[in-house]
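> I'd like to ask you about the structure that follows.
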Amino acid sequence: DTEVTQTPKHLVMGMTNKKSLKCEQHMGHRAMYWYKQKAKKPPELMFVYSYEKLSINESVPSRFSPECPNSSLLNLHLHALQPEDSALYLCASSFTTGAGGYTFGSGTRLTVV
Amino acid sequence: QKEVEQDPGPLSVPEGAIVSLNCTYSNSAFQYFMWYRQYSRKGPELLMYTYSSGNKEDGRFTAQVDKSSKYISLFIRDSQPSDSATYLCSIHNTDKLIFGTGTRLQVFP
C-alpha cells in the first residue's frame, strides 16, 4: 500500500457545525502533515506530527484541532469555521520529518457556508 | 526575500517540446530538493527528489540543482498533453517542506 487515503473527498459545512477530516496511511511512515491549499496557490503547512506527537503548529486558529490517534491515522477536527476557511485540505506522510519525499492524499475539498 | 521563488508561468507549449521549469532559493544550507506535479483537484505527486548539486534523470524528466547559484530546474523532454498540470518545486527545511508558487503547464496536441 503506497497511498494516503483521505475522507471525505468533499464536505460542505455550516459555520456552526462540527466535522472531522480523516487521513490514513499504511506505509509505516512516522511523520504526518496537514496542509491547506487555496485555489491557484501552493500548499501551506498547518500541522506536523512526528511519532504521534505534535511537533509543529504553524499558528493555526484554534477552530482547527488536529489529532493523531496512532501511527497510521491523522484527524483534523473542525468547529465554527469561517467561509474563508474553504479550501482543499491535504494530508501527507513521510518516513520521518527529516529529509524525504512526502506522499500526499487527494485531499478533502471543504466549503464553509 | 521568500525562501523559494518559482517562475509563475503559465507555460503553453506544443506536444513534443522541451519544457524548462525553474526555481531559486535563498538559503545555501538547503540540501534536499523536490519537484511535485499536481493535476487539477488532486494532491501533489512526487516526481523527482534530489540531494545536493547535480542532475537526476527519470525517463523524460531531468532535475538539476546548482547550489552555487541556488537554482533548481526541471526539464521535460518530448512533452505530452498528459504532462499538463501545475509543477511545484519544493525544498526541505528542518522538519517541513517549503513550496514554490507553482508553474502551470499546458501541452497542446
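Read the figures in this text as sums done on the coordinates, not as results from a lab. Computed from a predicted model, the values in this text were never measured in an experiment. Please note: Cβ atoms are built from the backbone with ideal geometry, for glycine as well, and neighbour counts cover all protein chains shown.
> What dipole magnitude, in Debye to the nearest 20, does the protein assembly as shown give about its Cα centre under +1 on Lys/Arg Cβ and -1 on Asp/Glu Cβ?
With Lys and Arg at +1 and Asp and Glu at -1, about 480 debye.
> Along the charge dipole of segment B:1-96, pointing to its positive end and built from +1/-1 on Cβ of Lys, Arg, Asp and Glu, which listed residue (B:T24, B:P44, B:A85) has its Cα farthest out?
Of B:T24, B:P44, B:A85, it is B:P44.
> Report Rg(Cα)/(2.2 N^0.38 Å) for segment B:1-67, keeping two decimals.
Ratio of Cα Rg to 2.2 N^0.38 Å: 1.21.
> Now for a separate question. Output the Kirkwood hydrodynamic radius of segment B:43-109, Cα pairs only, in Å rounded to one decimal.
13.1 Å
> Which whole-angstrom value gives the distance between the alpha carbon centres of segment A:1-33 and segment B:8-74?
28 Å
> Among the lysines, select those whose C-alpha is under 23 Å from the C-alpha of A:K36, and discard any that sit fewer than 8 residues away in the same chain.
Here the lysines satisfying the reach criterion relative to A:K36 are A:K9, A:K18, A:K19, A:K22, A:K53, B:K2, B:K42, B:K96.
> Around B:F108, with a cut-off of 12 angstrom between Cβ atoms, what is the net charge of the other residues, counting Lys and Arg +1 and Asp and Glu -1?
Its environment carries a net charge of -2.
> Now, a different point. What FRET efficiency, computed as 1/(1 + (r/R0)^6) with R0 = 35 Å and r the Cβ-Cβ distance, is obtained for A:D1 and B:N22, rounded to the nearest 0.05?
0.50
> Taking 0.36 nm per residue of sequence separation and subtracting the Cα-Cα distance, how much length would be gained by fully extending the chain between B:Y39 and B:E57, in nm to one decimal?
That pair, B:Y39 and B:E57, stretches by 4.3 nm at full extension.
> Using θ = phi - 60° and the Karplus curve 6.51 cos²θ - 1.76 cosθ + 1.60, what whole-Hz ³J(HN,Hα) does each residue of segment B:38-53 get, with Gly and Pro shown as x?
10, 7, 4, 6, 10, x, x, 10, 5, 9, 9, 9, 10, 10, 6, 7
> For peptide A:102-112, compute the average count of partner chain beta-carbon atoms within 10 Å of each residue's beta-carbon.
Mean shielding by partner chains, rounded to a whole number: 3.
> Let me check I have the definition right: for chain A, take the eigenvalues of the Cα gyration tensor, multiply each by 5, take square roots. What are those semi-axes in whole Å, largest first?
22, 14, 13
> While we're looking at this one, here's another question. Please compute, for peptide A:90-96, the average count of beta-carbon atoms on other protein chains lying within 10 Å of each residue's beta-carbon.
2
> Here is a follow-up. Residues of B:39-48, mean number of Cβ from any other protein chain within 10 Å of their own Cβ, rounded to a whole number?
Partner Cβ neighbours, averaged per residue: 5.
> In whole percent, what relative contact order does chain B give with Cα contacts below 8 Å and a gap of six or more residues?
Relative contact order of chain B: 37 percent.
> Sequence gap at least 6, Cα distance under 8 Å: using those rules, report the relative contact order of chain A to the nearest whole percent.
Relative contact order, chain A: 37 percent.
> Right, here's the next one. Taking the Cα-to-Cβ direction at A:K38 and at B:S68 and moving 7 Å from each Cα, how far apart do the two end points lie in nm?
4.0 nm
> Using the 10 angstrom Cβ neighbour count as an exposure proxy, how do A:C68, B:C23, A:C91 rank, fewest first?
Fewest-to-most ranking of A:C68, B:C23, A:C91: A:C68, B:C23, A:C91.
> Can you run the Rg to Rh ratio on segment A:1-41? Use alpha carbon positions and the Kirkwood inverse-distance Rh.
When Rh is taken as the Kirkwood radius, the ratio is 1.03.
> Over all Cα pairs of the protein assembly as shown, how is the pair count split among 5 Å bins, expressed in % and running from 0 up to the last occupied bin?
1, 7, 15, 18, 18, 16, 12, 7, 4, 1, 0
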